[in-house]
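Q: Please find one structure pasted underneath; my questions will follow.
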Amino acid sequence: MTGLEKIVAQIKLDAENTAESIKAKSNVQCEKLIADAQTEADKVIKDGEIKAQKKYDDILLRADSAAELEERKIMLFARQGIISDMISKALESIANLPQDKYFELVYKMISKYSENNEGVISFGENDLSRLPDDFESRANNVAQGSLKLSKNPVSIDNGFILTYGSVDVNCSFKALFSDNSETISDAVAKLLFL
């Protein structure tokens, strides 16, 4: 082997050693990049799983809340229906009271709603046709003022209307129930649901 061949062989050996060294460093850097990329990918996956779980939990919570709200609405609607039905039945039972009991209630209402003044008391056609013979005198015994019975029927189912000049006091059972609907509904709800 000549000197030139030795130099070329040495350069070739040095180049191979340098290439191996570069290749080894490159492999280490590649493995580090791959490990870093895997770590970053694992972090992204973990963050995604956490976000997905949170979103799932939020959706489930909202669905549960919506279901509870809907259930409360249904229960409230059902209770309101029952209360309304009970009030209607109460109105019907008052209208169907025997004549003596019905007019005892009317006298109590006259005592409560009449004014200390001269007035007119009017009934619907059905009640007007079944008034007791002594109605006007008994009504005036309990009234705060004096009342004259109107012979003309008014457009109410039951109860009466008191008229003082140009002011009407609607004492029909339907109007009284309507005016006191919240109080009546609360009382019925307490009886039924507590």
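The values are calculated or read from the model by the stated rules, or taken from the named source; none is laboratory data. These figures come from a predicted structure and were not determined experimentally. As a convention, Cβ positions derive from the backbone with ideal geometry for all residues, glycine included, and neighbour counts pool all protein chains shown.
Q: What do you reckon, is N126 assigned by TED's automatic domain parsing to the domain that holds T163 and exposed (fewer than 11 other Cβ atoms within 10 Å of the Cβ)?
A: So N126 fails the test.
Q: Taking the criterion of being modelled with pLDDT of 90 or more and under 25 Å from S178 (Cα atoms), would at least one residue in segment 85-93 satisfy it?
A: No, every residue in segment 85-93 fails to be modelled with pLDDT of 90 or more and under 25 Å from S178 (Cα atoms).
Q: Determine whether segment 47-70 contains at least one residue that is touching a Pro at 6+ places or on another chain (Cβ under 7 Å) and in a helix (DSSP H, G or I).
A: Scanning segment 47-70, I find no residue that is touching a Pro at 6+ places or on another chain (Cβ under 7 Å) and in a helix (DSSP H, G or I), so the answer is no.
Q: Please give the number of the condition L105 fails out of (1) free of Cβ contacts under 8 Å to residues at least 24 places away in the same chain; (2) not polar (S, T, N, Q); (3) not assigned by TED's automatic domain parsing to the domain that holds N140.
A: Status for L105: all satisfied but (3).
Q: Now for a separate question. Which residues, counting only those in segment 108-124, are within 17 Å of A175 (Cα to Cα) and either touching a residue at least 40 places away in the same chain (Cβ under 8 Å) or assigned to a helix (DSSP H, G or I) (or both)?
A: K108, M109, I110, K112, Y113, S114, I121, S122, G124
Q: Would a scan of segment 57-76 turn up a residue that is within 30 Å of E182 (Cα to Cα), in contact (Cβ under 8 Å) with a residue 24 or more places away in the chain and surrounded by 10 or more Cβ atoms within 10 Å (Cβ to Cβ)?
A: Among the residues of segment 57-76, not one is within 30 Å of E182 (Cα to Cα), in contact (Cβ under 8 Å) with a residue 24 or more places away in the chain and surrounded by 10 or more Cβ atoms within 10 Å (Cβ to Cβ), which makes the answer no.
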